[in-house]
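The values are calculated or read from the model by the stated rules, or taken from the named source; none is laboratory data. For clarity, every value in this text was computed on a predicted model and none was experimentally measured. Neighbour counts run over all protein chains shown; Cβ positions are idealised from the backbone, glycine included. These area figures cover heavy atoms from the full protein model, side chains too; ligands, DNA and RNA do not enter into them. Shrake-Rupley method; radii C 1.70, N 1.55, O 1.52, S 1.80 Å.
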Amino acid sequence: MSVLVFTESEEGKFKKIAQEVVSYAKGVADQLGTTVTAVSINGEHNEELGKFGASKVLMVSDDSLTNFNAEAYAEIIQQAAIKENAQVVILSSGANSKFLAPLLAIELKAGYIPNVTHLPVSSTPFKVRHTVFSNKAYAISEFNTPIKIIGLAKNAFGVKENNVTAAVERFQIEITANGMEVVSVDKATDKVTIADAEIVVSAGRGMKGPENWGMIEELAKVLGAATACSKPVSDMGWRPHSEHVGQTGKPVASNLYIAIGISGAIQHLAGINSSKVKVVINNDPEAPFFKAADYGIVGDAFTVVPELVEKLKEFKSQNA
Amino acid sequence: MKILVCISHVPDTTSKINFTDGDTKFDNNGVQFVINPNDEFGLTRAMWFKEKQGAVVHVANVGGPETEPTLRKALAIGADEAIRINMAATDGYSVAVQLAEVVKDAAYDLVIAGRESIDYNGGMVPGMIAQLTGAHFVNTCIGLEVDGNSATAIREIDGGKETLKASLPLVIGGQKGLVEESDLRIPNMRGIMQARTKPLHIKEPVTAEAETTVDQFEKPTPRGAVKLATSVDELVQLLHNEAKVI
Ligand SMILES: Cc1cc2nc3c(=O)[nH]c(=O)nc-3n(C[C@H](O)[C@H](O)[C@H](O)COP(=O)(O)OP(=O)(O)OC[C@H]3O[C@@H](n4cnc5c(N)ncnc54)[C@H](O)[C@@H]3O)c2cc1C
Ligand SMILES: Nc1ncnc2c1ncn2[C@@H]1O[C@H](COP(=O)(O)O)[C@@H](O)[C@H]1O
């Protein structure tokens, strides 16, 4: 028996969410009195997963899996779960993990609970705490199946060092072509994505027009942040849809979320609730966002943001 | 081409969420229910296939009689027939099993569901339907074309998009991008009148045990008041020294 965890990588490099899920898996394994086995598909430096708590890494290297393929990946994780006699399988909230999770659940006849925010509340019966209603509430749910799949919410548990020695083992399974193929991948490589970002700088209709986004991008650049926006901003075509955050857009679970000229409508807040620290810049002291924020400045974005960029540059040069 | 659009019946996005019975049940009191936003984008795309490629469009919901107004709304938007599987939706798995039965019975070529429902945010029903019926699956789908027996789907990935080709049958987990916000349709009087006489079939569920059960709901603890900085300098210091995020 062991706790199995799927560790997402990109071009061989493990994502931060991979480190986070291994850290979490170690916590679960400790509760159950067992160890963690990681599944790595085309990841490099697999032994480094030991640092976060994996005792074993099943390493799959296969050039035909360079592009993500949900059916094949689910099949690999399924085989690994059988081999390791896994009782608990842990996935992240990354796009690929969320894609393959339901396929895996059916194959393993396992219950699947996503958006889990804490270590299991109890192990017999096996219960977990997770968010529901777009982060407006939590639920404690119980698994009724022998195998349990947990989808860990991003940034809910954090990365923890556990210093275990990981034994890396080759794991090869036959993948058959399945009538589905990737034709092209179109991806900006120079930009921080909302999914990976520690800091997100987001702006709304208060910015008046797309021509004023220069200062937003500059602020994001000093902070190493991703840029985001409110729904109307993407609906009007000021910014791409991929930047729309909220209940009907992307969820944001960053350490810091800075909202500029965004009123704080309930649908917007639902998407950013799981961010740790929220800062609001708005010229209307009555803007609802102030009720949901940790820090704020009441002021005109057109003066506050450029000043903030300057101060942060100064701050960075002093603290470099 | 036969299309099934899976419609989840969810609290309107502006709803305040409350619970009853010792925080074990969702409190419907005063809550307005709507078509799940992701499903509305999918339904609108299905209307395009109907108008441009002569597709037949059915909609299905797993739920009690209270979801019928939502199905009628989908009919008013233009779906040809509706199916309600008469079962309280519990977990994603048992819902997927019911929908998979519907799909197998009528051999749909394309099943359009939403990336996630905004109530339980499971994001699991579409993938499970695909796996249960042996169809291909594309999640977070933001573009879809069908040519004969082959579909081209665009999927949103972290930081970009990916274009996939898949043979039918296909299940998608759709979202905004399938159509734009401005393409969404408000049912007109004619549509509403027609919807009254369109078939709404009620189907009894097959047996499927829930794999997960909610024991208890909790509301987040109310947060402390916002700290207002009087200068940008002060804000930078607060973020550095107190919040420790920069
Ligand atoms: C079904 C449904 C789903 C939705 N889903 C989402 C969603 O997922 N995400 C989302 O964001 N919205 C969503 N919405 C829309 C939401 O209800 C709000 O309309 C939207 O979030 C408002 O965007 P905003 O804050 O940018 O604009 P506004 O509400 O217009 O707010 C602009 C803000 O900028 C401030 N401002 C103006 N000038 C300045 C200045 N010079 N300096 C500083 N501040 C200034 C104003 O005081 C105001 O607070 C949804 C709506 C519906 C009906
Ligand atoms: N009770 C239901 N009836 C019909 N379709 C549903 C139901 N629940 C979920 N779905 C479909 O599955 C999608 C994802 O839902 P979920 O897995 O619950 O997040 C929804 O957008 C719907 O298309």
| query | If you project the alpha carbons of region B:133-191 onto the principal axes, what extent comes out on each, in Å, largest first? | reply | 39, 29, 21
| task | Can you bin chain A into rounded, prolate or oblate? Criterion: square roots of the alpha carbon gyration tensor eigenvalues sorted a ≥ b ≥ c, rounded for a/c under 1.5, prolate for a/b above b/c, oblate for the rest. | result | prolate
| remark: Ranked by GNM mean-square fluctuation in chain A (Cα springs under 10 Å), the top entry among A:D186, A:D63, A:D196 is A:D186
| request: Could you provide, to the nearest whole Å², the per residue accessible area of region A:1-128 with probe 1.4 Å? | output: 33 Å²
| field | Alpha-carbon Rg with Dmax, taken over the protein assembly as shown, Å | value | 23.4, 72
| note | Of the convex hull enclosing the alpha-carbon atoms of chain B, the direction-averaged projected area in nm² is 17.4 nm²
| A:I281, B:I142, ranked by accessible area, largest first (probe 1.4 Å) | B:I142, A:I281
| query | Looking at region B:17-117, which GluC sites (Glu not before Pro) are in a loop (DSSP not H, G, I, E or B) and have at most 14 other Cβ atoms within 10 Å? | reply | none
| request: Have a look at B:A229, B:A208, B:A89 and tell me which one the Gaussian network model of chain B (Cα, springs below 10 Å) gives the largest fluctuation. | output: B:A229
| task | Springs between alpha-carbon atoms under 10 Å, Gaussian network over chain A: tell me which of A:N155, A:N178, A:N273 tops the mean-square fluctuations. | result | A:N178
| Roughly how tilted is helix A:16-32, in degrees to the nearest 10 and between 0 and 90, from the longest Cα axis of chain A? | 50 degrees
| How high is the relative contact order of region B:2-220, in percent, counting Cα pairs under 8 Å that sit 6 or more residues apart? | 27 percent
| request: Could you compute the FRET efficiency for B:T197 and A:K291, with r as their C-beta to C-beta distance and R0 at 30 Å, rounded to 0.05? | output: 0.05
| message | Which residues, if any, in region A:259-291 lose at least 10 square angstrom of accessible heavy-atom surface (probe 1.4 Å) when the other protein chains sit next to their chain rather than the chain being alone? | response | A:I266, A:Q267, A:V277, A:K278, A:V279, A:F290, A:K291
| field | Computed label-point distance, nm, for sites A:R205 and B:V31 using a 7 Å Cα→Cβ extension | value | 2.7 nm
| When the helix-only estimate is applied to chain B (DSSP H runs of n ≥ 4, each -39,500 (n - 2.57), divided by the residue count), what is the mean residue ellipticity at 222 nm, nearest 500 deg cm²/dmol? | -8000 deg cm²/dmol
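Ignore the peptide's own chain and count Cβ atoms of other chains within 10 Å of each Cβ in A:178-185; give me the average, rounded.
Counting other chains' Cβ atoms within 10 Å and averaging over A:178-185 gives 6.
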| field | Pairs beyond 19 Å (Cα-Cα), from B:K2/B:K50; A:K231/A:K313; A:K191/A:K221; A:K26/A:K98; A:K221/B:K227 | value | A:K231/A:K313; A:K26/A:K98; A:K221/B:K227
| remark: Measuring from the longest principal axis of the C-alpha atoms of chain A, the long axis of helix A:214-223 (C-alpha) lies at a number of degrees, nearest 10, equal to 50 degrees
| message | Out of the total accessible area of the protein assembly as shown (probe 1.4 Å, heavy atoms of protein only), what percent is carbon and sulfur? | response | 50 percent
| request: Provide, in order from the shortest bin, the percent of all Cα-Cα pairs of region A:172-320 in each 10 Å bin, continuing until the bin that contains the maximum pair distance. | output: 11, 40, 31, 10, 6, 3, 0
| Taking only C-alpha pairs under 8 Å that are 6+ residues apart, what is the relative contact order of region A:3-170 in percent? | 29 percent
| request: Take region B:13-69, drop everything but the C-alpha atoms, weight them equally and run the Debye formula without solvent; then report log10 I(q)/I(0) at 0.27, 0.28 Å⁻¹ to two decimals. | output: -1.16, -1.19
| field | Pairwise burial B:A, computed as accessible area of each alone minus the pair, summed, 1.4 Å, Å² | value | 6700 Å²
| Looking only at other chains, what is the average number of their beta-carbon atoms within 10 angstrom of each beta-carbon in B:159-172? | 5
| Hey, got the Cα dimensions of region A:3-170 along the principal axes, in Å, largest first? | 41, 32, 28
| For chain B, the longest site-free run once trypsin sites (Lys or Arg not before Pro) in DSSP loop states with at most 14 other Cβ atoms within 10 Å are removed | B:17-184
| field | Per residue accessible area in Å² of region A:171-320, where ligands, DNA and RNA are left out and the probe is 1.4 Å | value | 43 Å²
| query | Which trypsin sites (Lys or Arg not before Pro) in region A:62-138 pass both tests, a DSSP loop state and at most 11 other beta-carbon atoms within 10 Å? | reply | A:K109
| request: Give me the number: length gained by fully extending A:T303 to A:T176, i.e. 0.36 nm times residue separation minus the C-alpha to C-alpha distance, one decimal in nm. | output: 39.9 nm
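Counting only protein chains, not ligands or nucleic acids, how are A:F290, A:F302 ordered by accessible area (probe 1.4 Å), most first?
Accessible-area ranking of A:F290, A:F302, largest first: A:F302, A:F290.
Could you order B:T230, B:T44 by accessible surface area, starting with the largest, using a probe radius of 1.4 Å?
Details: B:T230 130, B:T44 10 Å².
Heavy-atom accessible area, descending, gives B:T230, B:T44.
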| What's the angle, to the nearest 10 degrees (0 to 90), between helix B:37-53's Cα axis and the longest principal axis of chain B? | 30 degrees
